[in-house]
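To start, the structure under review is shown below, and the notes come after it.
The values are calculated or read from the model by the stated rules, or taken from the named source; none is laboratory data. Bear in mind that the values here come from a model prediction, so they are computed numbers and not experimental data. So basically every Cβ, Gly included, is an ideal-geometry build from the backbone, and we count neighbours across all protein chains shown. Ligands, DNA and RNA are stripped out before the accessible areas are found, and what is left, the full protein with its side chains, is counted by its heavy atoms. Shrake-Rupley method; radii C 1.70, N 1.55, O 1.52, S 1.80 Å.
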Amino acid sequence: MNPVGWFEIYVQDLDRARRFYEQVMQVSLQPMPDPSGEGVEMLAFPMDSQGPGASGALVRMAGVPSGGSTLVYFVCEDCGETAERVAAAGGTVHRPKMSIGQFGFIALAIDTEGNMIGLHSGK
């Protein structure tokens, strides 16, 4: 079993963050119902419950800041190509594609909400 079962990326501007992640990751995020009934807004990343890895959501919750979250790595076909879409989506590349030896390659980016995210690929 993979050690991560779910992730949440906290944001302040859900629409802006949605545009960023949909453009960079080339996916469509879907609204989720508020699990707490307290005004929490969530947009889920695509998920295949039978596939490997974890899915998660962008979350806007009153009183919870963005920009200080745990680093989440998104799996990409080529993290360098994915990183090239970051600036056009309103983010910045913190570290361009680099080798991590036998484990492939990573790039680090900062989204529109100040969260650092990782991009990982085998090539």
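How large is ³J(HN,Hα), in whole Hz, for each residue of region 113-123 in order, when computed from phi with the Karplus curve 6.51 cos²θ - 1.76 cosθ + 1.60 and θ = phi - 60°, using x for Gly and Pro?
For region 113-123, the Karplus-derived couplings read 9, x, 7, 8, 10, x, 10, 10, 8, x, 10 Hz, x marking Gly and Pro.
Go through region 1-35 and name the trypsin sites (Lys or Arg not before Pro) that are in a DSSP coil and have 10 or fewer other Cβ atoms within 10 Å of their Cβ.
Working: sites: Arg16, Arg18, Arg19; in loops: none.
When the trypsin sites (Lys or Arg not before Pro) of region 1-35 are filtered for loop state and at most 10 Cβ neighbours within 10 Å, nothing remains.
Full-extension gain between Ser55 and Glu22, please, as 0.36 nm times their residue separation minus the C-alpha to C-alpha distance.
Taking 0.36 nm per residue and subtracting the Cα distance, the gain is 10.4 nm.
Does anyone have the angle between helix 14-25 and the longest principal axis of the chain? Alpha-carbon axes, 0 to 90°, nearest 10?
Roughly 30 degrees between the two axes.
Along the Cα→Cβ direction, 7 angstrom out, place labels at His120 and Met32. What is the inter-label distance in nm?
2.0 nm
Of Gly67, Cys79, Ser28, which is farthest along the charge dipole of the chain in the positive direction, counting Lys and Arg as +1 and Asp and Glu as -1 at C-beta?
Value: Cys79.
I'd like the carbon and sulfur percentage of the solvent accessible area for region 11-50, probe radius 1.4 Å, heavy atoms only, ligands and nucleic acids excluded.
Values: 1170 of 2550 Å².
About 46 percent, which is the carbon plus sulfur part of the accessible surface.
On full extension of the chain, what length is gained from Val64 through Glu77, given 0.36 nm per residue of separation minus the C-alpha to C-alpha distance? Don't jump to the answer; show the numbers that get you there.
Values: separation 13, 0.36 × 13 = 4.68 nm, distance 3.21 nm.
Here the segment from Val64 to Glu77 would lengthen by 1.5 nm.
Can you give me the accessible area per residue for the chain, using a 1.4 Å probe, in Å²?
58 Å²
Suppose we keep just the DSSP beta bridges with both residues in the chain; what percent of those would be antiparallel, to 5? The partial results should precede the final answer.
Details: 18 of 27 bridges.
Percentage antiparallel, nearest 5: 65.
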